[in-house]
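Everything below concerns the one structure shown next.
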Amino acid sequence: MKKFISFKIIMLVVISLFTTNLFSQGAYVSLNLGYGLGASSQNIGIYNRTSTNYEQVNVSFGQGLNIGGTFGYMLNENIGAELGISYLLGGSSTMQHSFTSGTTDYTFSSKMLRINPSIVLTTGLEGINPYAKFGFLIGTGSITNEVNQTSGGTVAFIKTKLNGGMALGFTASIGAMYNLSDNMSLFGEFAMVNMSYAPTKGEVTEATLNGADKLSDLTTKEKLTDYVDSFNPSTSIPDSQPDQLLKEKLPFGSFGINIGIRIGF
């Protein structure tokens, strides 16, 4: 009888260990939504201007709405790895030059698709489970610049899109999961992104004058720009080829909050 009871106790311990291991490791997916405030902002050579005052405007293109998903695998209850993908829908930044006969308004906005491999460290606690993540980012995106000038009775509008090239950066976050069931959790986290992006191409996509389309009137040199590491300014570029300008690294850093749901397999 004692041997039978001892055997039952041993079996219960084994089952308990197996169950704990089962739910603390394995594959999972997660979906998240968040918003980041701009970090590591910089001025980009355009500012608010009136006849009596100049005001500097700092910009971070990393500010905005973040939508993402992740595939992960926990090696054990404390260590795992993730591969995430996210889409940044950046907020807009505006500047204005005001002069006697009118104004020039500048509006900048950004978008970026980002891939994020990272390492996950968790406490493995039941109920509320704190965690931290560290990884790097690979991104490809675009920046849109709209210029609207009003002078007397004339209204001119031009829209330029900058893209091309890859962005690299780092990310870190701390948060906590709340277990709803054995394979489903809610989570919230504070995340930071350190990233810059230097577009390699520029294209004027819209150009109007008093509402009339003027895009077809632009030469290739006026419409297209290649952003390069170096060029010879004394070299004459024909109108049939893209213009050349130096690359400029633009800030895509942010800090903010993400919330989401995680489902284990």
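Any read-out appearing in this document is the output of simple, stated calculations on the displayed coordinates, not a laboratory observation. From a predicted model like this one, the values you see are computed outputs, not experimental measurements.
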Original post:
Viscosity 0.890 mPa s, temperature 25 °C: Stokes-Einstein D of the stretch 27-264 from its Kirkwood Cα radius, in µm² per second?
Top reply: 121 µm²/s
**OP:** Would you give the gap between the C-alpha center of the stretch 210-265 and the C-alpha center of the stretch 146-198, rounded to a whole Å?
**Re:** 17 Å
Subject >> Value of relative contact order over the chain, rounded to a whole percent, pairs C-alpha under 8 Å and six or more apart >> reply: 19 percent
**OP:** Before rounding to the nearest 500, sum -39500 (n - 2.57) across all DSSP H runs of length at least 4 in the chain and divide by the residue total; then give [θ] at 222 nm in deg cm²/dmol.
**Re:** -3500 deg cm²/dmol
**OP:** Throw me the Rg/Rh for the stretch 127-251, computed over C-alpha atoms with Kirkwood Rh, two decimals.
**Re:** 1.22
Original post:
Most mobile of D182, D243, D229 per a Gaussian network model of the chain (Cα springs, under 10 Å)?
Top reply: D229
Subject >> For the stretch 122-137, Karplus couplings with θ = phi - 60° (6.51, -1.76, 1.60), whole Hz, Gly/Pro x >> reply: 10, 7, x, 6, 7, x, 9, 10, x, 8, 9, 9, 9, x, 10, 10
**OP:** Do me a favour and compute the ellipsoid semi-axes for the stretch 130-193 from its Cα gyration tensor, root of five times each eigenvalue, largest one first, whole Å.
**Re:** 44, 17, 10
**OP:** Working from Cα positions, state the angle (0 to 90°, nearest 10) between the long axis of helix 2-24 and the longest principal axis of the chain.
**Re:** 0 degrees
Subject >> Flagged links, alpha-carbon separation over 23 Å, of K111/K214; K111/K247; K223/K247; K133/K247; K159/K249 >> reply: K111/K214; K133/K247
